[in-house]
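Accompanying notes for the structure given below.
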Amino acid sequence: MEIEPLKQAALAELKGAADLAALEQAKGTWLGPNGKFTALMKQLGALPREERPAAGKLINQAKVELETALSEHRAQLDLKSALPKEATDFTLPGRRRTLGKLHPLTQVTEDIVRIFRKLGFAVADGPEIEDEYHCFDALNTPADHPARDSQDTFYLNSEERVLLRTHTSSVQIRVMEKQRPPVRIIVPGRVYRRDNPDATHNPTFQQIEGLYVDRGVTVGDLKGTVEFVFKELLGDEVKIRFRPHYFSYTEPSFEIDFSSALTRKMGKEWMEIAGCGMVHPLVFEKVGYDPEVWTGWAFGFGIERIAMIRYNINDIRLFYENDARFLRQF
Ligand code: DAH
């Protein structure tokens, strides 16, 4: 029996198989039920009795060798087939995930809040769905008051008279109802008006309300505070002026205009930015503060206005369109 040459031929074919299919083929040819090596084992019976043990031992050793070669080469071919077909360039820069940004209105709000915090103001909050009492009556604006017309809003339920708040001033009342003076708060928040959208109006927008109540508070304190905040926010060359105005919840009342290189660029020397005044004694009476003891000022301004000036934006509606090309710029 020629074991050795047969074994060498089988090893050469098994190790030389180019892929898994060729390997399975070679396995069949040699080790399958009708394989050439299997046939060798079947011939064992034809040998003389005394030669059988030695021959059997050799055949078994050869078979182990062939099976080892088979499984080793299979492992190699498996590995090879798992490799990528094309070379990978590990020096290519990866794809970065883009980081989001805060909305420009949020950025401006956070800056304003930060500046007021320096002065010891705390942030307060109130409901956007408000009742008429907090939105109007407690602010000395009864149902027949002409000031209601310009601020009339979206009523949600005609029996309970709840509405979407027209200004953050309602939060002044909510805070004073719960807290004894002194009070130093600012209130950033969303408000609603029955306005048609155009370049400078939107039915929903953001305001910041401020309220300061203590003993002996003056218009001078109000002016100084507003001036400090606007200079911090928009730069040192900003000028502000107070113009007499009317609000039912302050007396005296003013509108604040400001002037800067930017307003001049927009073709205006002065631009109106806020309403303010000294808290009306009747408002203090509504919340149980003694107007003979306590004095205070309040203001409210639109955040969009400030953001538009700061970033040179000429249409308020851009803030609400969620167009990523617009938002990416801030
Ligand atoms: N609530 C006013 C508005 O929405 C702004 C305002 C004016 C707020 C005077 C005040 C204030 O606190 O004292 O137009």
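Using square roots of five times the C-alpha gyration tensor eigenvalues, list the equivalent-ellipsoid semi-axes of segment 143-190 in whole Å, biggest first. Could you put the intermediate results ahead of the total?
Numbers: eigenvalues 117, 31, 27 Å².
Equivalent ellipsoid of segment 143-190: 24, 12, 12 Å, largest first.
Just to confirm, what accessible area per residue do you get for segment 211-274 at 1.4 Å probe, in whole Å²?
Numbers: 3200 Å² over 64 residues.
Here the residues of segment 211-274 average 50 Å² of exposed surface.
Grab the beta carbon distance between N34 and R317, set R0 = 51 Å, and tell me the FRET efficiency rounded to 0.05.
Numbers: r = 83 Å, r/R0 = 1.63.
Working from the Cβ atoms, E equals 0.05.
Quick one: length gained pulling T204 to R325 fully straight, 0.36 nm per residue minus the C-alpha distance?
Working: separation 121, 0.36 × 121 = 43.56 nm, distance 2.21 nm.
Length difference between fully extended and current span is 41.4 nm.
Once every Cα of segment 192-240 carries one equal point scatterer and solvent is ignored, give the base-10 log of I(q)/I(0) from the Debye formula at q = 0.28, 0.33 Å⁻¹, two decimals.
So the normalised log intensities are -0.98, -1.18.
Estimate the FRET efficiency between D149 and R96 by the formula 1/(1 + (r/R0)^6), using the beta-carbon distance for r and 45 Å for R0, to the nearest 0.05.
Details: r = 53 Å, r/R0 = 1.19.
My answer for the efficiency is 0.25.
Could you pull out the trypsin sites (Lys or Arg not before Pro) across segment 203-246 that fall in loop regions by DSSP (anything but H, G, I, E, B) with no more than 14 other Cβ atoms inside 10 Å? Let's see the in-between values first.
Numbers: sites: R215, K223, K231, K239, R241; in loops: R215.
Qualifying residues, ordered by number: R215.
Probe radius 1.4 Å, ligands and nucleic acids ignored: give me the carbon and sulfur share of the accessible area of the chain as a rounded percent. Before the final figure, lay out the partial values.
Details: 9720 of 18720 Å².
The computed percentage sits at 52.
So, how do all the Cα-to-Cα distances of segment 98-197 break down into 5 Å bins, in percent, from 0 on up?
The percentages, shortest bin first, are 2, 11, 18, 20, 17, 14, 10, 5, 2, 1, 0.
Taking only protein heavy atoms into account and a 1.4 Å probe, give the accessible area per residue of segment 89-160 in Å².
69 Å²
Sort out for me the Cα centre separation of segment 114-148 from segment 210-237, rounded to whole Å.
19 Å
Any chance you could look up the accessible area of I256 with a 1.4 Å probe, heavy atoms only, rounded to 10 Å²?
Around 0 Å² of this residue is reachable by solvent.
So which DSSP H runs in the chain come out at 20 Å plus along the axis (Cα) with average Kyte-Doolittle of at least 0.0?
Helices passing the filter in the chain: 219-234.
Local charge sum around P291 (other residues, Cβ-Cβ under 14 Å, Lys/Arg +1, Asp/Glu -1)? Intermediate values should be presented prior to the final figure.
Numbers: positive: R215, K286; negative: D214, E251, E285, D290, E292.
Here the count lands on -3.
So how compact is segment 122-281: Cα radius of gyration and Dmax in angstrom?
16.5, 51
Translational diffusion coefficient of the chain at 20 °C, 1.002 mPa s, Stokes-Einstein with Kirkwood Rh over Cα pairs, in µm²/s as a whole number.
On the way: Rh = 26.6 Å.
After rounding, the answer is 81 µm²/s.
Taking Cα atoms of segment 1-144, Rg/Rh with Kirkwood Rh, to two decimals? Don't skip to the answer; put the middle values down first.
On the way: Rg = 41.8 Å, Rh = 23.6 Å.
With Rh from the inverse mean 1/r over Cα pairs, Rg/Rh is 1.77.
What is the distance, in nm, between label points placed 7 Å from the Cα along the Cα-to-Cβ direction at E177 and at L233?
Reported label-point gap for E177 and L233 is 2.8 nm.
May I ask for the Rg/Rh ratio of segment 62-147, computed from Cα atoms with Rh as the Kirkwood radius, given to two decimals? List each step's numbers first, then the result.
Details: Rg = 36.1 Å, Rh = 21.9 Å.
We get a ratio of 1.65 for segment 62-147.
Rg and Dmax of segment 201-330, using alpha carbons, in Å: what are they?
Over segment 201-330's Cα set, Rg and Dmax evaluate to 16.8, 55 Å.
Restricted to Cα positions, what overall size does segment 70-119 have along the principal axes? Three whole-Å values, descending.
82, 21, 16
Only sites in a loop by DSSP and with at most 16 other Cβ atoms within 10 Å count here; which GluC sites (Glu not before Pro) in segment 274-330 make the cut? Working shown, then result.
Values: sites: E285, E292, E304, E321; in loops: E292, E321.
Qualifying residues, ordered by number: E292, E321.
Provide the gained length on full extension for the span S158 to A9, in nm with one decimal, where the gain is 0.36 nm per separating residue minus the Cα-Cα distance.
Details: separation 149, 0.36 × 149 = 53.64 nm, distance 9.83 nm.
Residue separation times 0.36 nm, minus the Cα-Cα distance, leaves 43.8 nm.
Taking 7 Å along the Cα-to-C-beta vector as the label spot, tell me the S71-T88 distance in nanometres, rounded to one decimal.
With each label point 7 Å from Cα toward Cβ, the separation is 2.9 nm.
Ordering H167, H145, H245 from largest to smallest accessible area (1.4 angstrom probe), what's the sequence? Please report the intermediate quantities before stating the final value.
On the way: H167 5, H145 30, H245 85 Å².
Ranking H167, H145, H245 by accessible area, largest first, yields H245, H145, H167.
What number, in nm² with one decimal, is the all-direction average of the projected area of the convex hull of the alpha-carbon atoms of segment 235-309?
On the way: hull surface 23.8 nm².
Mean projected area for segment 235-309: 6.0 nm², to one decimal.
Tell me the volume per residue, in Å³, of the convex hull enclosing the alpha carbons of segment 37-93. Spell out each step's value before the answer.
Details: hull volume 4.2 nm³, N = 57.
Cα convex hull per residue, to the nearest whole number: 74 Å³.
Would you mind getting me the FRET efficiency between K118 and D214? Use the beta-carbon distance for r and R0 = 22 Å, nearest 0.05.
Numbers: r = 18 Å, r/R0 = 0.80.
Efficiency for this residue pair is about 0.80.
The values are calculated or read from the model by the stated rules, or taken from the named source; none is laboratory data. As the structure is a computational prediction, the values presented were derived from the model and not from experiment. Positions of Cβ are generated from backbone atoms using ideal geometry, with glycine treated the same way; all protein chains shown enter the neighbour counts. Protein only, heavy atoms only, side chains kept; ligands, DNA and RNA dropped before computing areas. Shrake-Rupley method; radii C 1.70, N 1.55, O 1.52, S 1.80 Å.
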